[in-house]
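Okay, structure first, notes after.
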Amino acid sequence: SIIKTMGDSIMAAFRDPVSAVKAIWVVQKQLSARGEPPLSIKAGIHYGPCIVVNLNDRLDYFGSTVNIAARLPHFSQGGEAILSEPIRNDPEVLEFLAKNAAPNSLTRFQSEIRGFDSSMELWKIKM
């Protein structure tokens, strides 16, 4: 799973989708509790295969999975995460959201992703 944020971009890779969702969940909750006005970030999480390359003694990730993850934060207004359909449908993610997400905080929408031919089912989770 790959998390991508906007602005001063950060990309993180996780072994499984629920770890990515839990990580952004904690970050969003901690950021919203700080600062006046509260701070927030825009984040997108997508799952799939990617190419991993070791460049200058650090790992870097490439491929359509990374490109989709990089575009998902554009659908966020901050303080939320945009989940791709594969993330949202993961059984562990569904279980985590059932236990932690507020009622009606998950909204499904469909949108085109720049650089891709077909539209995608996406989910916005308000943290």
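If the reach is capped at under 16 angstrom between alpha carbons, list the lysines near K99, excluding any in the same chain fewer than eight residues apart.
Partners found: K22, K29, K126.
Order of 112-119, 23-30 by packing, highest average Cβ count within 10 Å first? Present the calculation step by step, with values, prior to reporting the outcome.
Values: 112-119: 10.8, 23-30: 16.4.
Descending packing order for the listed peptides: 23-30, 112-119.
Calculate, in nm to one decimal, what A101 and K29 gain on full extension: separation in residues at 0.36 nm each, minus their alpha carbon distance. Before the final figure, lay out each step's value.
Values: separation 72, 0.36 × 72 = 25.92 nm, distance 1.17 nm.
Answer, rounded to one decimal: 24.7 nm.
Can you give the calculated 222 nm mean residue ellipticity of the chain, where each DSSP H run of n ≥ 4 adds -39,500 (n - 2.57) and the sum is split over every residue, rounded to the nearest 500 deg cm²/dmol? Don't skip to the answer; put the middle values down first.
On the way: 4 runs with 38 residues, N = 127.
Taken over the chain, the calculation gives -8500 deg cm²/dmol.
Write down the accessible area per residue of the chain in Å², having rolled a 1.4 Å probe over the full set of protein chains.
Working: 7570 Å² over 127 residues.
Each residue of the chain exposes 60 Å² on average to a 1.4 Å probe.
Could you calculate the contour length gain from R114 to R58, that is, 0.36 nm times the residue separation minus the distance between their Cα atoms, to one decimal place in nm? Mind dumping the intermediate values first?
Details: separation 56, 0.36 × 56 = 20.16 nm, distance 2.77 nm.
Difference between extended and current length: 17.4 nm.
Given the chain, report the % of alpha carbon pairs whose separation exceeds 16 Å. Could the numbers behind the result be given before it?
Working: 4851 of 8001 pairs.
Of all Cα-Cα pairs in the chain, 61 percent lie more than 16 Å apart.
Tell me the relative contact order for the chain as a rounded percent, counting alpha carbon contacts under 8 Å between residues six or more apart. Could you put the intermediate results ahead of the total?
Values: 232 pairs, mean separation 31.1, N = 127.
Taking the mean separation of contacting Cα pairs over the length of the chain, I get 24 percent.
Most fluctuating residue of G78, G48, G63 in a GNM of the chain with Cα springs under 10 Å: which is it?
Looking only at G78, G48, G63, the biggest GNM fluctuation is shown by G63.
In sequence order, what are the phi-derived ³J(HN,Hα) couplings for segment 13-26 according to the Karplus relation 6.51 cos²θ - 1.76 cosθ + 1.60 with θ = phi - 60°, rounded to whole Hz, with x for glycine and proline?
Per-residue couplings from phi come out as 10, 10, 6, 9, x, 5, 5, 5, 5, 4, 5, 5, 4, 5 Hz.
Determine the relative contact order of segment 60-127: mean sequence separation of Cα pairs under 8 Å and six or more apart, normalised by residue count, in whole percent. Walk me through the numbers on the way to the answer.
Details: 74 pairs, mean separation 25.4, N = 68.
Computed over segment 60-127, the figure is 37 percent.
Leaving ligands, DNA and RNA out of it, report the carbon-plus-sulfur percent of the accessible area of the chain at a 1.4 Å probe. Let's see the in-between values first.
On the way: 3800 of 7570 Å².
In the chain, the share of accessible area belonging to carbon and sulfur is 50 percent.
The values are calculated or read from the model by the stated rules, or taken from the named source; none is laboratory data. Just so it is clear, the model here is predicted, and its values are computed rather than measured. Quick reminder, even Gly has a Cβ in these numbers, built from the backbone with ideal geometry, and neighbours come from all protein chains shown. Note: areas computed on protein heavy atoms with side chains; ligands, DNA, RNA excluded. Shrake-Rupley method; radii C 1.70, N 1.55, O 1.52, S 1.80 Å.
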